[in-house]
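Trainee: There's a structure below that I have some questions on.
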Amino acid sequence: MDYRKYVILLLILFGFQKLKAQDTGFLAADSTSAALSKAGNWQEMIDYGHQTLAAGTDFPGLRLRIAFAYFITGNYKEALAEYNRVLQKDAYNQTARYYAYYSANFLNNTLQASYNAGYLNKETLKKEEISPFGLLNIGAESGGKFVSSNRRGNGFYAHAGLSDRLGWRLQLEQSVIYFNQDIINRIGFGPRSDRYRLSDDQIEYFAKLSYMINQNFTLIGSYHYLTTKYNSTIYRSNLGLAGIKYQGTNVDLQGDVNFGDIIKQPIIQYNAMLTYYPMGNLNVYTISRLSDKYLKSKDHFIFNQAIGFKIVKSTWLESGVTFGSQEDYLDSDGLYVYNSVDNTKFKFNETAFYQLNSHAQLRLIYTFEQKADAYFPINYNQNSVTLGFLWKF
């Protein structure tokens, strides 16, 4: 029995030494990380912090310093990930919630920011003037579509919308849209053939609800109603969307499905989207979206690729291309419905964003489309210019 006493004694001594080593490791990590943060050596802080975590020393103060180093250097995605690790153990850590709120805001994710604001104390909410209800932004855009075909008139497009916060986890976006274009057809051929003009008028209403389950997952649902007047006939279309979005460290993923009817044609469209932030912010980002659209008893695959980047202070550019048959294509969570008379085969767009101040943003969009005439075997080009304005509250 005596040997058991020695074994127990050895285990106690080993445990004591281990606890002592851990305590020494904590004290060293705490003092070193505090000194690096105080000196503003942010990259050294990040490197040292991850080395310390890899060695097995982990505590909230270290995580907060790593997160703040990411935040101050503009890597908001990594900052959010670190703050979230603190919040998983202490949901009401005010420092982590405060900077998580601003990290999400700097990524233009107002719903994720709102979710974090819901855990802030009353004094902070009052100081930062944050409320669970109210307008988030209002905006409008309008432009013309200019065609190279004498069988088509130039088009006009206008869109106005707003976003509301309906609680810390719930957000509503609403839009009204108007589109008009003259369609000029010909009965017969030759110089004596008759020409007649049709007007394609469309009025639309769109609503989208987003509910944040937790820091990473968001449920999305939208509804789009369209009234289309063409050739003296009025068509009413109803479209819906249901989806889920995952917000990760450097990657966001979304899967959703559009469904409903458009101009008396049933449609279903499955979408998968990946957004990548290589620098953890909006200085550079890419958006890849693959859609499988089932329309008129056929599957159509559509791929969209966009890249955005900051070129100078307050100015961003976003370039995008879309490949595939875009007849009745549904984009941006069902906000944009491409149901013009003629099918788009290829699309390129360039968007310039200019931030006037902390509230106002100007947007200029150029779009080039290769289109196929719906009645004759000819193709033509369409160029569009749209000017937009957004006001953030």
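Trainee: Under unit Cβ charges (Lys, Arg +1; Asp, Glu -1), what dipole magnitude, rounded to 20 debye, does the chain have relative to its Cα centre? Kindly include the intermediate steps, with their values, before the conclusion.
Mentor: Working: 39 positive and 34 negative charges, 19 e Å.
Approximately 80 debye in magnitude.
Trainee: Please work out whether the chain counts as rounded, prolate or oblate from its C-alpha gyration tensor, where a ≥ b ≥ c are the square roots of the eigenvalues and a/c under 1.5 means rounded, while otherwise a/b larger than b/c means prolate and anything else oblate?
Mentor: prolate
Trainee: Quick one: among 63, 169, 236, which has the greatest mean-square fluctuation in a GNM of the chain with alpha-carbon springs under 10 angstrom?
Mentor: With Cα springs under 10 Å in the chain, the top fluctuation among 63, 169, 236 is at 236.
Trainee: May I ask you to order 107-119, 365-377 by the average number of other C-beta atoms within 10 Å around their residues, highest value first?
Mentor: 107-119, 365-377
Trainee: Further question: Output the relative contact order of the chain, whole-number percent, from Cα pairs under 8 angstrom with separation of 6+ residues.
Mentor: Averaging sequence separation for qualifying contacts and normalising by length gives 10 percent for the chain.
Trainee: Here's another thing I want to ask about it. Just from its helices, what would the mean residue ellipticity at 222 nm be for the chain, if runs of 4 or more DSSP H residues each count -39500 (n - 2.57) and the sum is divided by every residue, rounded to the nearest 500 deg cm²/dmol?
Mentor: It comes out at -9000 deg cm²/dmol, rounded to the nearest 500.
Trainee: Only Cα pairs under 8 Å and at least 6 apart count here; give the relative contact order of the stretch 22-128 as a rounded whole percent.
Mentor: 18 percent
Trainee: Determine the distance separating the Cα centre of the stretch 60-117 from the Cα centre of the stretch 254-269; give it in Å without decimals.
Mentor: Taking the Cα centre of the stretch 254-269 as reference, the centre of the stretch 60-117 is 37 Å away.
Trainee: Under 30 Å from the Cα of residue 347, which lysines turn up, not counting those fewer than eight places away in the same chain?
Mentor: Partners found: 145, 208, 229, 245, 264, 293, 296, 298, 310, 313, 371, 392.
Each value in this text was obtained by applying a stated rule to the coordinates, not by laboratory testing. Computed from a prediction, not measured in an experiment: that's the story for all the values here. Virtual Cβ from ideal backbone geometry, glycine too; neighbours counted across all protein chains shown.
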